[in-house]
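Chemist: The structure that follows is given in the form of structure tokens.
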Amino acid sequence: MITIIAGLGILRVICPEVRADIPWPEVVQRLAYENERLARRPQGHNGEYFVVCTLYYTPVESGFTFERGFDARPVTKPGLHGRNYPRDFLRSVKKEGFGRITTPVNGHHYICYNSGGSFAFSSRPTGGGGTLVARYSAAAKLGQSSLRHGVIIDTPSPTVNEVFGSTRWKIVDTGGGLRRWQIDLYYGEDEPLGPGRFMGRPRGTTFEYAYSNAKIVK
């Protein structure tokens, strides 16, 4: 079945996998199968892998309102020096790593989550020591000798290109919840799609995941 949805100002025809929750058991099995096939070629992987592309973003505080169904009760956390922010916004920052605040604090337009339930103010979203670049920065699981920090890859998936307007990515980030052969693509800044599980998605797209080959280009 093909679904037509509106997003990014246009109508797109995309596969059902874009809207569905990620069925991880099925995805893991597919990744293992496809990568085993690539490895059996005479040339082996030769810098080409089969991956699942997912998404992360920087949530914007202005989108977390009672009117949109969020828990917007003002709360503070360690590291915020008594300043209050919507409860769901801080939950989203904890998951995504960074969030853009409405009112800058000492020139800092973002807050970030540190381990142990602590937050801090930040000048920009970063990963691996560098600033995250929308539609270019990506994250991958640590310990993969091929899809490692600093590698540039090309993901020719039409779905990825439609959603992000890009197929070239540099791995500069990681995350504890990432899986082998998963590439988490940085969307940029946006208000959340909605409350609950939709907090993990930007308002500009309903994208969940897409399969793609990933070719190391540098």
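The values are calculated or read from the model by the stated rules, or taken from the named source; none is laboratory data. Note that the coordinates shown come from a computational prediction; the quantities given were computed from them, not determined experimentally. All Cβ positions, even for glycine, are placed from backbone atoms using ideal geometry, and neighbour counts span all protein chains on display. What goes into the accessible areas is simple: the full protein's heavy atoms, side chains included, and nothing from ligands, DNA or RNA. Shrake-Rupley method; radii C 1.70, N 1.55, O 1.52, S 1.80 Å.
Chemist: What distance in nm lies between label points placed 7 Å from Cα along the C-beta direction at Thr131 and Glu67?
Modeler: Using points 7 Å along Cα→Cβ, the separation is 3.2 nm.
Chemist: Which far-off residues, 5 or more places away or on another chain, put their amide H under 5 Å from the one on Val75, with H placed in the peptide plane?
Modeler: Those lying under 5 Å, H to H, from Val75 are Tyr85, Arg87.
Chemist: Where both residues lie in the chain, what percent of DSSP beta bridges are antiparallel, nearest 5? Present the calculation step by step, with values, prior to reporting the outcome.
Modeler: Numbers: 32 of 43 bridges.
Of the beta bridges lying entirely in the chain, close to 75 percent run antiparallel.
Chemist: Another question, then. Taking H as built 1.01 Å from N, whose amide H comes closer than 5 Å to the amide H of Gly69, not counting residues under 5 places away?
Modeler: none
Chemist: In terms of Cα to Cα distance under 18 Å, which aspartates and glutamates are near enough to Lys218, apart from those fewer than 8 places away along the same chain?
Modeler: Glu48, Asp154, Asp173
Chemist: Another question, then. What's the extension gain from Ile22 to Asn114 if we count 0.36 nm per residue and subtract their Cα-Cα distance? Could you put the intermediate results ahead of the total?
Modeler: Details: separation 92, 0.36 × 92 = 33.12 nm, distance 2.67 nm.
Stretched out fully, the Ile22 to Asn114 stretch lengthens by 30.5 nm.
Chemist: Follow-up. Per residue of the range 39-48, in order, report the coupling 6.51 cos²θ - 1.76 cosθ + 1.60 (Karplus, θ = phi - 60°) as ³J(HN,Hα) in whole Hz, putting x for Gly and Pro.
Modeler: After applying 6.51 cos²θ - 1.76 cosθ + 1.60, I find 5, 7, 5, x, 8, x, 4, 6, x, 10 Hz.
Chemist: Another one. Which angle from 0 to 90°, rounded to the nearest 10, does the C-alpha axis of helix 87-96 make with the longest principal axis of the chain?
Modeler: The helix 87-96 is inclined about 30 degrees to the chain.
Chemist: Name the residues whose placed amide hydrogens come within less than 5 Å of the amide hydrogen of Glu191, ignoring near sequence neighbours (fewer than 5 apart) on the same chain.
Modeler: Under 5 Å from the amide H of Glu191: Val60, Arg203.
Chemist: On full extension of the chain, what length is gained from Asn106 through Ser123, given 0.36 nm per residue of separation minus the C-alpha to C-alpha distance? It would help to have the intermediate numbers written out before the result.
Modeler: Working: separation 17, 0.36 × 17 = 6.12 nm, distance 0.95 nm.
My answer for the length gained is 5.2 nm.
Chemist: Which percent of Cα pairs goes in each bin when the distances of the range 87-198 are cut into 10 angstrom slices starting at zero?
Modeler: Result, from short to long distances: 13, 41, 36, 10, 0 percent.
Chemist: Ignoring ligands and nucleic acids, what accessible area does Asp21 show with a 1.4 Å probe (Å², nearest 10)?
Modeler: Its heavy atoms expose roughly 90 Å² to the probe.
Chemist: Same structure, new question: Kindly rank 169-175, 109-115 from highest to lowest mean number of other beta carbons found within 10 Å of each residue.
Modeler: Details: 169-175: 21.0, 109-115: 17.6.
So the order, starting with the most tightly packed, is 169-175, 109-115.
Chemist: Put a dot 7 Å past each Cα toward the Cβ at Asp154 and Arg180; how far apart are the dots in nm?
Modeler: Modelled inter-label distance: 2.7 nm.
Chemist: Just tell me which lysines come within less than 24 Å, Cα to Cα, of Lys94; anything on the same chain fewer than 8 places away is out.
Modeler: Partners found: Lys77, Lys141, Lys170.
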